[in-house]
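Note sheet for the following structure.
The values are calculated or read from the model by the stated rules, or taken from the named source; none is laboratory data. What you see is a predicted model; the values in this text were computed from it and never measured. Cβ atoms come from the backbone with ideal geometry, glycine included; neighbour counts cover every protein chain shown. Heads up: the accessible areas ignore ligands, DNA and RNA and are worked out on the full protein's heavy atoms, side chains in. Shrake-Rupley method; radii C 1.70, N 1.55, O 1.52, S 1.80 Å.
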Amino acid sequence: MTDTTARLSVTKEPVRNTPAPAPAPRRARVRRHLTPWIFLIAPLALLITFTYAPIVNMIAYSFTDWDGVSPELHYTGVENYTELFTRSELFEVFFVSGYYLVASAIQIVAALYFATILSFDVRFRNFFKGVLFFPYLINGVAIGFVFLYFFQDGGTLDSVLALFGYHSDHAWLGTPFSANSSLAAVSIWRYLGLNFVLFLGAIQSIPGELYEAAELDGANRWQQFRHIIAPGIRPVLTLTVILSVSGSLSAFEIPYIMTGGATGTETFVIQTVKLAFQFNKTGLASAAALVLLLIILLVTWLQRRLVPDDKVDLV
Amino acid sequence: MTRRAVARTLVYASLVLATLVVLLPLGVVFLTSLKTDREMTGGSGALAFPDDPLNFHNYVTAFQDGRMLSAFGHTAFILVFAIAGTVLIGSMTAYAIDRFTFRFKKLIVALFLLAALVPGVTTQVATFQIVNGFGMFDTLWAPIALYMGTDIVSIYIFLQFVRSIPVSLDESARLDGANAFTIYRKIIFPLLKPAIATVVIVKGITVYNDFYIPFLYMPSQDLGVISTSLFRFKGPYGAHWETISAGAIVVILPTLTVFLALQRYIYNGFTKGATR
């Protein structure tokens with residue numbers, strides 16, 4: 001449910017035994033030791049500057065009352081954290097994530113269904129594949145506008161419903177429940193394609209003979225799915241679940257573009273961005289961001305513990 | 001009907017339904033983009049066809065008033081630098097990690113791995129201060145630096161490919177007197193072409209569509225990229241859905257073209273990019 005290409009299943013470090021280099025003269029040896037570092041200077045500098053330094057700073061800011069501008073900041077201890085956990089409106093945003101979590105579950109099931117049926121012989125297969133995947137490639141702002149019009153009074157949805165004789169005067173983005181459900185539905189529309197393609201890739205890497213063998217043994221489609229496909233794609237499934245959880249917690253684009261966080265659709269990230277960049281509460285925003293980061297890391301870790309990512313080899 | 005036939009019908013029905021769900025919202029926006037202001041206020045239903053299907057007036061408005069041309073220019077500029085940087089940095093990192101044994105290698109690999117787990121959105125509050133400190137705030141260099149610096153995906157894609165290049169190639173080149181840089185430049189880099197294609201596609205789409213980073217780091221009106229320029233339609237055109245629709249279509253069209261032209265590579269890119 002998030003911009004997923006960014007975070008990855010992290011597998012083991014590549015292991016290779018490079019043959020031990022023959023003893024070289026001192027100067028050559030020094031140069032040999034330096035060479036990898038020369039290649040790594042730029043990447044490491046960027047990694048530290050834009051990933052690790054911010055995290056360290058963020059931890060530091062979270063214990064201060066800094067406004068992000070003034071040269072003055074005061075150490076306030078855990079005040080930001082107590083504020084975060086006691087002011088209920090700051091914490092309510094997590095309930096909004098619930099809608100996106102439910103949407104993720106629906107999305108994974110639907111993606112799995114479409115990936116399974118499209119991995120068998122179906123007419124116009126490439127057309128359907130393309131149609132299902134394409135939304136993932138569309139610009140988020142454009143999607144936001146497309147669906148603002150979709151949910152407008154007299155917009156796409158109302159017009160379609162009218163075709164079936166149902167005339168609603170329901171403002172789709174008008175109440176928190178309906179607005180959040182609508183936004184979560186948009187994120188299913190948007191991200192289904194990515195999960196679908198990942199599942200499809202995994203299913204297609206399962207050797208075809210397995211199905212033939214299963215069919216000879218009289219297995220039906222459901223049994224084939226249950227015993228061949230499901231175990232075959234488990235690593236991708238695990239990855240998808242992790243990405244969906246962290247994506248649901250950090251939903252931002254669609255709700256920000258469509259409602260700006262109005263009518264109870266404010267998510268954790270929208271709130272953090274507002275705290276930091278509109279109300280200049282850098283300290284409090286840092287604490288909030290850190291809490292989110294820790295929750296996401298915890299979820300990832302739990303997921304890895306519960307479902308160890310052992311490589312499933314079918315052949 | 002046999003049971004099989006029923007199952008097949010249901011499968012096709014579900015596919016057609018999904019197609020409608022995907023295409024209908026987009027199709028309606030396309031129709032809207034061709035309608036006139038008067039048609040819209042005259043209460044033309046969302047599903048009605050435009051009176052004049054060749055009315056491109058809204059596109060002209062969107063392009064000129066929405067400053068889409070300069071937005072495309074900025075996006076292209078960022079794309080070129082971010083992609084070139086990502087390819088260079090990703091391949092260098094992969095080469096150094098795979099082909100050398102050195103002290104702290106494990107630590108460095110772990111640092112890259114761990115960074116992959118940190119969602120970018122959570123650290124922006126602090127990243128913002130650093131970008132600001134470099135004086136890059138509100139310049140095109142802020143997104144360029146951020147896109148280059150946080151891309152762990154491409155490092156992984158490159159790592160996979162570097163591992164598949166036989167070490168014997170390096171060794172024979174070394175015997176011919178080539179040093180590490182020559183080997184990287186003349187042997188590794190050219191052999192990485194398929195990986196480079198993957199990275200260019202995946203990165204290109206990510207950068208083209210990103211909203212968060214340009215929105216935070218380039219607030220000034222003159223520095224709009226595709227996403228932020230389109231986002232600004234919300235204010236001035238408020239209720240003018242025909243103009244907003246035209247803007248959205250203008251943004252979607254290049255993606256559609258690239259997708260239709262490079263379909264196969266795009267699928268491959270995403271499966272490779274995400275599962276490794």
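Which residues, counting only those in region A:199-231, are within 22 Å of the chain's Cα centre (by Cα) and farther than 19 Å from A:LEU132 by Cβ?
Step one: filter region A:199-231 for residues within 22 Å of the chain's Cα centre (by Cα), giving A:199-203, A:230.
Selection gives A:ALA230 alone.
Please work out if A:SER159 is among the hydroxyl-bearing types (Ser, Thr, Tyr), under 28 Å from B:SER33 (Cβ atoms) and touching a residue at least 40 places away in the same chain (Cβ under 8 Å).
Working: among the hydroxyl-bearing types (Ser, Thr, Tyr): yes; under 28 Å from B:SER33 (Cβ atoms): yes; touching a residue at least 40 places away in the same chain (Cβ under 8 Å): no.
When the stated conditions are applied, A:SER159 does not pass them.
What helices (runs of 4 or more DSSP H), lying completely within region A:96-167, carry at least 2 residues that are modelled with pLDDT of 95 or more? Outline the logic, then answer.
Numbers: elements: A:125-137, A:140-151, A:156-163.
Correct list: A:125-137, A:140-151.
Evaluate the following for B:VAL11: is it part of a helix (DSSP H, G or I), over 30 Å from B:THR182 (Cβ atoms) and out of contact with any helix residue (DSSP H, G or I) (no Cβ under 7 Å at 6 or more places or on another chain)?
Values: part of a helix (DSSP H, G or I): yes; over 30 Å from B:THR182 (Cβ atoms): yes; out of contact with any helix residue (DSSP H, G or I) (no Cβ under 7 Å at 6 or more places or on another chain): no.
Answer is no for this residue.
Show the residue pairs that are 6+ apart or on different chains and have beta-carbon atoms under 7 Å apart, the first residue being within region B:5-33 and more than 9 Å from chain A (Cβ to nearest Cβ) and more than 18 Å from A:VAL109 (Cα to Cα), the second being of a type outside the set (A, V, I, L, M) and surrounded by fewer than 14 Cβ atoms within 10 Å (Cβ to Cβ).
B:LEU31/B:PHE49
Show the residue pairs meeting these rules: Cβ distance below 6 Å; 6+ apart or different chains; first residue within region B:150-179 and over 22 Å from B:ALA115 (Cα atoms); second residue assigned to a helix (DSSP H, G or I).
B:ILE165/B:LEU191; B:LEU169/B:ILE187; B:ASP170/B:ILE183; B:ALA173/B:ILE183; B:ALA173/B:ILE187
Within region A:230-241, can one find any residue that is of a type in the set (A, V, I, L, M) and away from chain B (no Cβ under 13 Å)?
In the first step, residues of region A:230-241 are kept if they are of a type in the set (A, V, I, L, M); the result is A:230, A:233, A:236-237, A:239, A:241.
With away from chain B (no Cβ under 13 Å) added as a condition, the list becomes A:230, A:241.
There is at least one residue in region A:230-241 that is of a type in the set (A, V, I, L, M) and away from chain B (no Cβ under 13 Å).
Can B:VAL121 be described as at the interface with chain A (Cβ under 7 Å from one of its Cβ atoms), open to solvent by 30 Å² or more (accessible area, probe 1.4 Å), of a type outside the set (Ser, Thr, Tyr) and assigned to a helix (DSSP H, G or I)?
Details: at the interface with chain A (Cβ under 7 Å from one of its Cβ atoms): yes; open to solvent by 30 Å² or more (accessible area, probe 1.4 Å): yes; of a type outside the set (Ser, Thr, Tyr): yes; assigned to a helix (DSSP H, G or I): yes.
Answer is yes for this residue.
To keep it simple, each residue is scored yes or no on (1) more than 7 Å from chain B (Cβ to nearest Cβ); (2) more than 18 Å from B:PRO254 (Cα to Cα).
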| residue | (1), (2) |
| --- | --- |
| A:ARG125 | yes, yes |
| A:GLY144 | yes, no |
| A:TYR149 | no, yes |
| A:GLY165 | yes, yes |
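Can you confirm whether A:ALA214 is more than 30 Å from A:PHE145 (Cα to Cα), part of a loop (DSSP other than H, G, I, E, B) and more than 10 Å from every other protein chain (Cβ to nearest Cβ)?
Working: more than 30 Å from A:PHE145 (Cα to Cα): yes; part of a loop (DSSP other than H, G, I, E, B): no; more than 10 Å from every other protein chain (Cβ to nearest Cβ): yes.
The answer is no for A:ALA214.
Check region A:87-95 and report whether any residue there is of a type in the set (A, V, I, L, M) and open to solvent by 50 Å² or more (accessible area, probe 1.4 Å).
Our first condition is that a residue be of a type in the set (A, V, I, L, M); within region A:87-95, this holds for A:90, A:93.
Of the ones still in play, those that are also open to solvent by 50 Å² or more (accessible area, probe 1.4 Å) are none.
Looking through region A:87-95, none of the residues is of a type in the set (A, V, I, L, M) and open to solvent by 50 Å² or more (accessible area, probe 1.4 Å).
Scan region B:219-247 residue by residue and report those that are under 11 Å from B:MET68 (Cβ atoms) and small (Gly, Ala, Ser).
Going through region B:219-247, the residues under 11 Å from B:MET68 (Cβ atoms) turn out to be B:224-226, B:229-230, B:232-233, B:246-247.
The answer is B:GLY224, B:SER229, B:ALA246, B:GLY247.
Only one residue in B:SER33, B:SER14 is touching a Gly at 6+ places or on another chain (Cβ under 9 Å) and either among the hydroxyl-bearing types (Ser, Thr, Tyr) or open to solvent by 60 Å² or more (accessible area, probe 1.4 Å) (or both). Which one? Give the derivation first.
Working: B:SER14 fails: touching a Gly at 6+ places or on another chain (Cβ under 9 Å).
Residue meeting the stated conditions: B:SER33.
Among the residues of region B:236-275, what is the count of those that are at the interface with chain A (Cβ under 7 Å from one of its Cβ atoms) and open to solvent by 20 Å² or more (accessible area, probe 1.4 Å)?
Summing the residues that are at the interface with chain A (Cβ under 7 Å from one of its Cβ atoms) and open to solvent by 20 Å² or more (accessible area, probe 1.4 Å) in region B:236-275 gives 5.
Do any residues in region A:51-72 that are under 14 Å from A:ASN280 (Cα atoms) have Cβ atoms under 6 Å from those of residues that are open to solvent by 50 Å² or more (accessible area, probe 1.4 Å), where the two are at least six apart or on different chains, and which pairs are they?
Final answer for the pair search is A:THR64/A:LEU73; A:THR64/A:TYR75; A:ASP65/A:HIS74; A:TRP66/A:LEU73; A:ASP67/A:ASN280; A:GLY68/A:ASN280.
Mind checking which pairs have a first residue in region B:100-111 that is modelled with pLDDT under 90 and a second that is assigned to a loop (DSSP other than H, G, I, E, B), Cβ under 6 Å, 6 or more apart or different chains?
B:THR101/A:THR18; B:VAL109/A:GLU13
Could you tell me which of the residues B:VAL162, B:VAL200, B:VAL207, B:VAL153 is facing chain A (nearest Cβ under 8 Å) and at negative phi? Before you say what the answer is, go through the steps one by one.
Values: B:VAL162 fails: facing chain A (nearest Cβ under 8 Å); B:VAL200 fails: facing chain A (nearest Cβ under 8 Å); B:VAL207 fails: facing chain A (nearest Cβ under 8 Å).
Testing whether each residue is facing chain A (nearest Cβ under 8 Å) and at negative phi leaves just B:VAL153.
Only one residue in B:PHE211, B:PHE189 is open to solvent by less than 20 Å² (accessible area, probe 1.4 Å) and under 24 Å from B:GLY269 (Cβ atoms). Which one?
Values: B:PHE189 fails: open to solvent by less than 20 Å² (accessible area, probe 1.4 Å).
So the residue among B:PHE211, B:PHE189 that is open to solvent by less than 20 Å² (accessible area, probe 1.4 Å) and under 24 Å from B:GLY269 (Cβ atoms) is B:PHE211.
So for region B:216-229 (the condition being without any contact (Cβ under 8 Å) to a residue 60 or more places away in the chain and surrounded by 21 or more Cβ atoms within 10 Å (Cβ to Cβ)), does at least one residue qualify?
Within region B:216-229 (the criterion being without any contact (Cβ under 8 Å) to a residue 60 or more places away in the chain and surrounded by 21 or more Cβ atoms within 10 Å (Cβ to Cβ)), the answer is yes, since at least one residue qualifies.
Of all residues being farther than 15 Å from B:ARG185 by Cβ and within 7 Å of another protein chain (Cβ to nearest Cβ) in region B:90-105, which is nearest to the chain's Cα centre (by Cα)? Just the residue, please.
Ranking the qualifying residues of region B:90-105, first place goes to B:THR93.
State all residues of region A:260-285 that are in a loop (DSSP other than H, G, I, E, B), buried (at least 19 other Cβ atoms within 10 Å of the Cβ) and within 11 Å of another protein chain (Cβ to nearest Cβ); if no residue qualifies, say none.
Of the residues in region A:260-285, the ones in a loop (DSSP other than H, G, I, E, B) are A:260-267, A:278-281.
Filter once more, keeping what is buried (at least 19 other Cβ atoms within 10 Å of the Cβ): A:261, A:265-267, A:281.
Passing the criteria: A:THR267, A:LYS281.
Which condition from (1) more than 7 Å from every other protein chain (Cβ to nearest Cβ); (2) not in a loop (DSSP other than H, G, I, E, B) is the one that B:LEU113 breaks?
Among (1) more than 7 Å from every other protein chain (Cβ to nearest Cβ); (2) not in a loop (DSSP other than H, G, I, E, B), B:LEU113 violates only (1).
If a residue has to be open to solvent by 10 Å² or more (accessible area, probe 1.4 Å) and closer than 18 Å to A:GLN303 by Cβ to count, how many in region A:196-237 make the cut?
Selection size over region A:196-237: 7.
Pick out the one residue from B:THR127, B:THR32, B:THR86, B:THR36 that is out of contact with any strand residue (DSSP E or B) (no Cβ under 9 Å at 6 or more places or on another chain), β-branched (Val, Ile, Thr) and modelled with pLDDT under 90.
On the way: B:THR127 fails: modelled with pLDDT under 90; B:THR32 fails: modelled with pLDDT under 90; B:THR86 fails: modelled with pLDDT under 90.
From the options B:THR127, B:THR32, B:THR86, B:THR36, the qualifying one is B:THR36.
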